[in-house]
């Protein structure tokens, strides 16, 4: 197996960054992409008809080898194998970097319930894991930690038994080491409110038959927070899932995602770009590699 230097791995990882993705969408090309590609040896191994999309797939294949994987590889695994494998964009939605207490959840999948996935890649430490898990329990019915094989023992020692533990194997397969127990009764209604957009909070209260009083904007947050504190956690969790599936719906992205290389689908689901820029991004991905190497 070829050994890659730290700088090469860094460049390969940064190909999947929001900066590259958004620049391609905005301009139909990316100077950042070209500069990063020059720091790797992907062009040497590319065929004469290779496209920009082919280089993303090649970079992904290198990065998904155990020991070289970063958070994006785990996001892609969950997106492909859980969100679009077990579920679909029509029936489930996904939240990225969703605030829960003092933590930010890496990924949340909403179907009939809300399941959070905390990623612990080979490059991560487990130092904050215990606190993160406690924060997640206050917002989501099911909590999972997905980690590399080398982290599994440490994760099992760190998290309580109601937390699910999953492993992304060396062969890029997700296996369940321990199932997560579903328990929406433990969520904290106020913590849920603090995670939501104001419009989502109002929609949830109205759906639960709670009248939101007309108060000045300066007082609205405090009043709504107090109203949320009175809500039944189980009923609130049901309504939170229903509301977020509507407000954070990914179904409109379905055609766009399907037109992208598999390696970029997780990026398309987590990095927002304007709908009017979708075609520019697809055109950039389909650009012949020799043309892309002239991008500035």
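The values are calculated or read from the model by the stated rules, or taken from the named source; none is laboratory data. Worth saying up front: this structure is predicted, and the values here are computed from it rather than measured. With ideal geometry, Cβ positions are generated from the backbone for all residues, glycine too; neighbour counts draw on all protein chains shown.
So that you can scan it fast, the table gives a plain yes or no per residue for (1) touching a residue at least 60 places away in the same chain (Cβ under 8 Å); (2) more than 19 Å from the chain's Cα centre (by Cα); (3) part of a loop (DSSP other than H, G, I, E, B); (4) not assigned by TED's automatic domain parsing to the domain that holds residue 124:
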site	(1), (2), (3), (4)
144	no, no, no, no
193	no, yes, no, yes
222	no, yes, no, yes
240	yes, no, no, yes
256	no, no, no, yes
**Study point:** Residues within region 107-120 that are modelled with pLDDT under 95 and closer than 19 Å to residue 162 by Cβ, tallied
**Key:** 1
Study note, to complete from the structure: Subset of region 65-121, residues under 10 Å from the mean Cα position of the chain (by Cα), part of a strand (DSSP E or B) and over 13 Å from residue 144 (Cα atoms), comes to 94, 95, 96, 97, 98
Practice item. Within region 29-43, track down each residue that is under 26 Å from the mean Cα position of the chain (by Cα), surrounded by fewer than 22 Cβ atoms within 10 Å (Cβ to Cβ) and not in a helix (DSSP H, G or I). Key: 29
Check your understanding: Take the residues of region 124-141 that are touching a strand residue (DSSP E or B) at 6+ places or on another chain (Cβ under 9 Å) and part of a loop (DSSP other than H, G, I, E, B): which is surrounded by the most Cβ atoms within 10 Å (Cβ to Cβ)?
Key -> 140
**Study point:** Residue among 123, 90 that alone is under 25 Å from residue 63 (Cα atoms) and modelled with pLDDT under 90
**Key:** 123
Review point. In region 199-218, how many residues are surrounded by fewer than 16 Cβ atoms within 10 Å (Cβ to Cβ), assigned to a helix (DSSP H, G or I) and at pLDDT 95 or above?
Key: 3
Check your understanding: Identify, please: which residue in region 146-169 is within 28 Å of residue 231 (Cβ to Cβ) and in contact with a helix residue (DSSP H, G or I) (Cβ under 9 Å, 6 or more places away or on another chain) and is, among those, surrounded by the most Cβ atoms within 10 Å (Cβ to Cβ)?
Key -> 163
Check your understanding: Within region 67-80, is even one residue touching a helix residue (DSSP H, G or I) at 6+ places or on another chain (Cβ under 9 Å) and within 24 Å of residue 242 (Cβ to Cβ)?
Key -> yes
Review point. So, in region 9-23, of the ones that are in contact (Cβ under 8 Å) with a residue 60 or more places away in the chain and in a helix (DSSP H, G or I), which residue ends up surrounded by the most Cβ atoms within 10 Å (Cβ to Cβ)?
Key: 21
Practice item. Give just the number: which of (1) closer than 23 Å to residue 18 by Cβ; (2) loosely packed, with under 15 Cβ neighbours inside 10 Å does residue 49 not satisfy? Key: (1)
Revision key, fill the gap. Checked against (1) surrounded by fewer than 23 Cβ atoms within 10 Å (Cβ to Cβ); (2) in contact (Cβ under 8 Å) with a residue 24 or more places away in the chain; (3) more than 22 Å from residue 252 (Cα to Cα), residue 81 satisfies every condition except (3)
Review point. Given 44, 64, which one is touching a helix residue (DSSP H, G or I) at 6+ places or on another chain (Cβ under 6 Å) and assigned by TED's automatic domain parsing to the domain that holds residue 15?
Key: 64
Exercise for review: Quick one: residue 26 ticks every box in (1) part of a helix (DSSP H, G or I); (2) surrounded by 16 or more Cβ atoms within 10 Å (Cβ to Cβ) except a single one, so which number is it?
Suggested key: (2)
Point to revise | Residue within region 266-274 that is surrounded by fewer than 17 Cβ atoms within 10 Å (Cβ to Cβ) and outside the structural domain of residue 85 (by TED's automatic domain parsing) present | key: yes
